[in-house]
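Report on the structure given below.
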Amino acid sequence: MILSRDRLGVKPLYYYKDNNSLIFSSEIKSIINLVPLASSIDDQRVVRYLSRGWADDSLQSFFDKISIVSPAQNLIIENDSINSYFYWELKDNKDNLTDIDDLRSTLIDTVSIHTRADVRSGVALSGGVDSSGLASIINILKKNKDLTAFTISPPQTTDESVIAQQIANDLEINIVNIDVSNLNIAEAINEAIV
């Protein structure tokens, strides 16, 4: 069997493999519905994610027994072995640098397409360049209508909520600060997914 994920990882692909079965899906909950034992949370991975705000480059999901197929990766599963290779890689194109106006236009067009909806918009705001830029573009496109930013105050780590609050104030958008210092992360995630 061959599992293959799209080049840029737009669509997720997860899998669970034991001695008797291979289950794959674009949604983790589908795997957990078939194999409830696969729902055990990798607590350390979740804490690292919430502390840093990004997942590492591992092929492991937030669940101990559910793995991720990387973008542009083929997995070849034969008997008990899994081999993989990447069928595509993004090439550096330093000779064809984009004009700043083209980049701005492309970003605005992309955000506009991805925020088309009949529901309110939200943005995860850390106060960093990426999330602040996205919040600013969405805010311009939505003309201050119904945009809410969300930020997390994680335990035992750098709290960027003050910076996020300042950005939200500058953009005149609502912000919700989620304090997770007393939250049992593993339990909350398990309840949300299962």
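Throughout, read-outs are computed from the coordinates displayed, never taken from laboratory work. Since the structure is predicted, the reported quantities are computational estimates derived from the model, not experimental observations. Reconstructed Cβ throughout: ideal geometry from the backbone, glycine too, with neighbour counts over all protein chains shown.
Can you give the FRET efficiency for VAL10 and ASP92, using 1/(1 + (r/R0)^6), R0 = 25 Å, r = Cβ-Cβ distance, to the nearest 0.05?
Working: r = 21 Å, r/R0 = 0.84.
After rounding, the FRET efficiency stands at 0.75.
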Base-10 log of normalised Debye intensity for the range 62-135 (one unit scatterer per alpha-carbon) at q = 0.18 Å⁻¹ | -1.01
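Given LYS91/LYS142; LYS65/LYS91; LYS11/LYS91, which pairs have Cα atoms separated by over 31 Å? Mind showing how you got there, number by number?
Numbers: LYS91/LYS142 34 Å; LYS65/LYS91 33 Å; LYS11/LYS91 21 Å.
Checking Cα-Cα distances, LYS91/LYS142; LYS65/LYS91 exceed 31 Å.
Name the shape class, rounded, prolate or oblate, that the alpha-carbon gyration tensor gives for the range 1-55, where a ≥ b ≥ c are the square roots of its eigenvalues, rounded holds for a/c under 1.5, and otherwise prolate holds if a/b is larger than b/c and oblate otherwise.
Working: a/c = 2.39, a/b = 1.23, b/c = 1.94.
Since a/c reaches 1.5 but b/c is at least a/b, the shape of the range 1-55 is classed as oblate.
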Net charge dipole size for the range 1-89 [Lys, Arg +1 and Asp, Glu -1 on Cβ; Debye, nearest 20] = 240 debye
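Evaluate the relative contact order of the range 1-81 (contact order divided by residue number), counting alpha-carbon pairs under 8 angstrom at least 6 apart; express in whole percent.
Working: 120 pairs, mean separation 35.9, N = 81.
It comes to 44 percent, rounded to a whole number.
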Taking placed amide H atoms and a strict 5 Å upper bound, the residues 5 or more places from VAL123 or on another chain that come that close are THR148, ALA149, PHE150
Pull out the extension gain between LEU103 and ASP80, defined as 0.36 nm times the separation in residues minus the alpha carbon to alpha carbon distance; nm, one decimal.
-> 3.6 nm
Once the piece of chain linking ILE113 and LEU22 is laid out straight, how much longer is it, given 0.36 nm per residue of separation minus the C-alpha distance between them?
-> 29.2 nm
